[in-house]
Amino acid sequence: MGLVLFSLVILTLYQVFIPTLVLSSNTTERLERQQDVRLAIDRLARELHETTLARLTIYTAGCTGAYEGCIGYVTARCDTSSSCLGALTSSCSGPYFQTPNGFPEWQATIYVWRDTGSNELRRRCDTTTTFPSSTWPPPLTSFTVVARQIDQAAFTLLATGVQISVRERAATASRSSRRYQTEFLNRTVFVPQNP
Amino acid sequence: MSMRMEATAVARHDEQGMALIVVLALTILLTTIGVALVGLMHTDITHASIQHTLAVSFYNAQAGVADATAQVFASPDPVGYTNPHGSSGEVQGYGQNGSYTYWVDTGPAAGSPCGAGFKTIESVGQATYLGRSISSRVRACGVPGAPILTALFGVSQVEAQGSTSRTYLPPYLPGTPGAPRGGNLGSFTEVNFNDVGIRVNALSETTVNTVTLRDGTFDDYQLYGFSSRPSYETNPNVDPTPWILQVFGDIVKAQPTTGPIPNDCGTPYACVTVQNSNQDVTSIAALRDTDSVRHAYMDTMNQQVLPALSLPPSTFQSRALSNFANLTLNQRAGLTVTASSYAPVQFDQIVSYMAGGCTRGPTPCVLQGTVYVDGTYRFTKTVNLGDNAGNVTLAVRGDLVLDTNVSLTVRHDLSTSSGRRTPGILVFGLAVPASRLSNICSGEQANGSGQLIMCGGSSQQLTVDGLIYTVDGMSIGPSAAVDQIGAMYHGNRATRNPSFSNQNATVVVRFDPLSLTAFGRGMTIVSWQQLK
């Protein structure tokens, strides 16, 4: 009899904890997802700030099927200390190049897109050209993964900048969406600083 | 009966405390889980806050760049401005628990990281979270004293006439193609393409085209940094905005800070028109495709509010009056003047003597520094005023005319930033222009309002380094050629003269932003990078 009573008490206590657990898990997950999408955007922040609207292309035609949220823009960064153009590099995150006139000396073109099959946000640095391709897709054979579990990505050209929207879906599909927020959207506007 | 009661009592006694232990154990377990979850949340919140602080530090650094830029703008001498506290930097509290420190050509910005003659601004933004200071560092490069960046700008109409008009606006010292981009073309009133055959930045569209400049004959695409002829779609019906446009500058539809200037289109900003239409063309694609100006290549059209610029003639007259570097040349040419301010007749004596080879010396046979001609002057002989690495500025208080097939050279030592900043030709016009117009050549008329008129001819070449500035516009006659490293700014004195008119001539302006520092106002940022 005593055990039954105590079990009831414990169950009651546990029931008291459940909302707390739900709240805690939800908050943690929410923060993790927000951090994820924020980190993904942070990884692109510097190069988006350092590019120029004059050589930034957002692709709609061709950016379908396996691709979503496709953008190309130039960078003045290279992995090597000498000119990057045509060199075998992968990240284009090294030194920043300038012409003797103080203008940025573009080194490569960066492409970013969401792979709809893997839900990855991918980034490719193409050192063969400093002009974004006029059509999508350009050659995208090698790339780095900027973020995973991205279920939506979009770039929008504004008058003075580019808006990036990234949505991540939490890996908690079996849980009740009533209790858990499962989709996390981060939308940020970057203003390229170079003329 | 009593034995059964005893047994029950013993059993109850044995169970006493069991529940407490279970409750305690579960409480500890759940508390541990709760604390762990709170810990996780705390960690995540800390991470998010650090990222937020990092973002704050970045924007604080940007605020530092904006503050430094404002200080340069406010300075009476933007070119010479450095931050007052030198390498210590200018520290300013900003935002919540944040600050920025900036340097202008001092401290980490010393030594011209942006290039000689360019202004370097470096700024560190700081923000604090839980006692941790997080910083971001950015650098901006600017052209001091240049409030606008256009290779060719006209207060009134900028026009090209005739199907053989060719205009190239490449960058000076190009790196890779498009780095930097070509120069902008702008107006406060109107940019008019009078003929659909006009070529602007048309790079060897179907066959290789060459241009002959002071340093040789080049394939036109080489001026933009291409090592071989670029491949691009030249048919606007197929591709009205070929990729190559990204190499070129923009058409700037400008409006003065003082308010709109009326134009034929009725638009508050300058308009772009084709032939005799008064309809504003809104994009490069429309210009090339719908309006059939298929040989015009510029990147975009944009609207900007810009300050109207002017140079005071008195400044340059004073410089000429205190310039005695040409004393020997004056004497050998038979003049008694000691300084470098001349009446038109006196200047003609100098030009004739130089054109004759300076038979009585000096050597080299050049003018130096600021030379001021107090009235309209007409070149009738080909002459090189300052040799190929000189420092001469020709300022004219009237009109300046180049007779048919007469060439003029005004070059500077471009290996130095001061050489790149030195203005080339300044045409100020008379204080009070004549009431009657005189015929000059090729239908051009003038009254001393401040025009630069090239009469044209296949042998005519104007070779200039630095700024070409006119108060009332520049016209270039048929078959003439202009080879300039610098920029042009042409005003208007409420006359009907276009600010710039290319009439079947070839104009090459290799845009050097440093040439615009002659205006001595403000600063324009040309590059930006995030160092940390």
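Any read-out appearing in this document is the output of simple, stated calculations on the displayed coordinates, not a laboratory observation. Remember, predicted model here, so these are calculated numbers, not experimental data. Please note: Cβ atoms are built from the backbone with ideal geometry, for glycine as well, and neighbour counts cover all protein chains shown.
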**Request:** Determine the shielding of peptide B:169-179 by partner chains: average, over its residues, the number of Cβ atoms on other chains within 10 angstrom of each Cβ.
**Result:** 6
**Request:** Express in nm, to one decimal, how much length is gained between B:S231 and B:T43 on full extension, taking 0.36 nm for each residue of separation and deducting their alpha carbon distance.
**Result:** 62.2 nm
**Asked** Which value, in debye to the nearest 20, gives the size of the charge dipole of the protein assembly as shown about its Cα centre, when Lys and Arg are +1 and Asp and Glu are -1 at the Cβ?
**Response** 640 debye
**Item:** Average Cα contact separation per residue, chain B, under 8 Å, 6 or more apart, as relative contact order %
**Value:** 16 percent
**Prompt:** Per residue of B:113-126, how many C-beta atoms from partner chains lie within 10 Å of its own C-beta, taken as a mean?
**Reply:** 2
**Item:** Label-zone membership for the range A:88-117, site B:A116, 7 angstrom Cα→C-beta point, backbone N under 14 Å
**Value:** A:100-102
**Message:** Going Cα to Cα from B:K532, which lysines come in below 21 Å? Please leave out same-chain ones fewer than 8 positions away.
**Reply:** B:K119
**Message:** If packing is taken as the average count of other Cβ atoms within 10 Å, what order do A:9-15, B:113-119, B:144-150, A:188-194 fall into, highest mean first?
**Reply:** B:144-150, B:113-119, A:188-194, A:9-15
**Request:** Before anything else, pin down the relative contact order of chain A: Cα pairs under 8 Å, at least 6 apart, normalised by residue count, whole percent.
**Result:** 23 percent
**Message:** Along the charge dipole of the range B:405-523, pointing to its positive end and built from +1/-1 on Cβ of Lys, Arg, Asp and Glu, which listed residue (B:M488, B:L462, B:F519) has its Cα farthest out?
**Reply:** B:F519
**Request:** Return A:F131, A:F143, A:F103 ranked ascending by Cβ neighbour count within 10 Å, so the fewest neighbours appear first.
**Result:** A:F143, A:F131, A:F103
**Proximal charge balance of B:H85 [Cβ under 15 Å; K/R count +1, D/E count -1]** = -4
**Residues B:L531 and B:A25, FRET efficiency given R0 of 51 Å [Cβ-Cβ distance, rounded to 0.05]** = 0.35
**Asked** Applying the Karplus parametrisation 6.51 cos²θ - 1.76 cosθ + 1.60 with θ = phi - 60° to the phi angles of the range A:5-17, what ³J(HN,Hα) value in whole Hz is obtained for each residue in order, glycine and proline being reported as x?
**Response** 4, 5, 4, 4, 4, 5, 4, 4, 4, 4, 4, 5, 6
**Asked** Share of antiparallel DSSP beta bridges in chain B, in percent to the nearest 5?
**Response** 30 percent
**Request:** Could you line up B:L321, A:L53, B:L467 from fewest to most neighbouring Cβ atoms inside 10 Å?
**Result:** B:L321, A:L53, B:L467
**Prompt:** Say R0 is 35 Å: what FRET efficiency, to the nearest 0.05, do B:S418 and B:A70 get from their beta-carbon distance?
**Reply:** 0.85
**Item:** For residues of B:521-530, the mean tally of beta carbons on other chains within 10 Å
**Value:** 6
**Item:** Sites B:T128 and A:L157 - FRET efficiency at Förster radius 41 Å, r taken between beta-carbons, to 0.05
**Value:** 0.70
**Asked** In whole Hz, what ³J(HN,Hα) sequence does the range B:224-236 give by Karplus (6.51, -1.76, 1.60; θ = phi - 60°), x for Gly and Pro?
**Response** 9, x, 7, 8, 9, 4, x, 9, 8, 6, 8, 8, x
**Request:** Return the sequence-ordered ³J(HN,Hα) values of the range A:118-132 in whole Hz as given by the Karplus equation 6.51 cos²θ - 1.76 cosθ + 1.60 applied to θ = phi - 60°, using x for Gly and Pro.
**Result:** 9, 6, 9, 8, 10, 9, 10, 10, 9, 8, 7, 8, 10, 10, x
**Prompt:** Long-range amide H contacts for B:I440: which residues qualify at under 5 Å (H placed 1.01 Å from N, peptide plane, sequence gap of 5 or more or a different chain)?
**Reply:** B:Q445, B:A446
**Asked** What is the spin-label model distance, in nm, from B:M18 to B:Q303 if the labels are put 7 Å beyond Cα along the C-beta direction?
**Response** 8.5 nm
**Request:** Take every DSSP beta bridge whose two residues both sit in the range B:159-271, then give the antiparallel share in percent to the nearest 5.
**Result:** 35 percent
**Fill in**
Exposure-ranked with fewest Cβ neighbours within 10 Å first, B:K532, B:K253 stand as B:K532, B:K253
